[in-house]
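The values are calculated or read from the model by the stated rules, or taken from the named source; none is laboratory data. None of the values given here were measured: they were computed from a predicted structure. With ideal geometry, Cβ positions are generated from the backbone for all residues, glycine too; neighbour counts draw on all protein chains shown. We work out accessible area using only protein heavy atoms, side chains counted, and drop any ligands, DNA or RNA first. Shrake-Rupley method; radii C 1.70, N 1.55, O 1.52, S 1.80 Å.
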Amino acid sequence: MIRKQQRVVFTFHTTTDAMAMESLCKEKNLGGRMIPVPGEITADCGLAWCAAPEQEETLTNALLAAGIPVQGVYRLMI
């Protein structure tokens, strides 16, 4: 069985925004991965970005600098 770990999850209004996040993270060599939106939360788009909680500030700053809108930021056990 896979142990659940605390993660920071970024949700988006559109798939385009989620894909822009993925491209940004690959380009800037930032951590995380695309996941389906967990059932505990809701979002307009069915995709979310999941990363280690200690990356929240770095990822938030990168999103702001790139102008990518975020619908929500959550800390979940995934």
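Summary table below
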{"read-out": "Residue check for Thr42: surrounded by 13 or more Cβ atoms within 10 Å (Cβ to Cβ), among the β-branched types (Val, Ile, Thr) and over 10 Å from the mean Cα position of the chain (by Cα)", "value": "no"}
{"read-out": "Criterion: basic (Lys, Arg), open to solvent by 80 Å² or more (accessible area, probe 1.4 Å) and in a helix (DSSP H, G or I) - qualifying residue of Lys26, Lys4", "value": "Lys26"}
{"read-out": "Which listed residue is crowded, with 16+ Cβ neighbours inside 10 Å, farther than 12 Å from Leu76 by Cβ and out of contact with any Pro (no Cβ under 6 Å at 6 or more places or on another chain), from Ala18, Ala51", "value": "Ala18"}
{"read-out": "Segment 63-78, residues that are surrounded by 11 or more Cβ atoms within 10 Å (Cβ to Cβ), assigned to a loop (DSSP other than H, G, I, E, B) and more than 11 Å from the chain's Cα centre (by Cα)", "value": "Ile68, Pro69, Ile78"}
{"read-out": "Any pair with Cβ under 6 angstrom, 6 or more apart, that starts in segment 23-50 at a residue that is on the phi > 0 side of the Ramachandran plot and ends at one that is surrounded by 15 or more Cβ atoms within 10 Å (Cβ to Cβ) and among the small types (Gly, Ala, Ser)", "value": "Gly32/Ala51"}
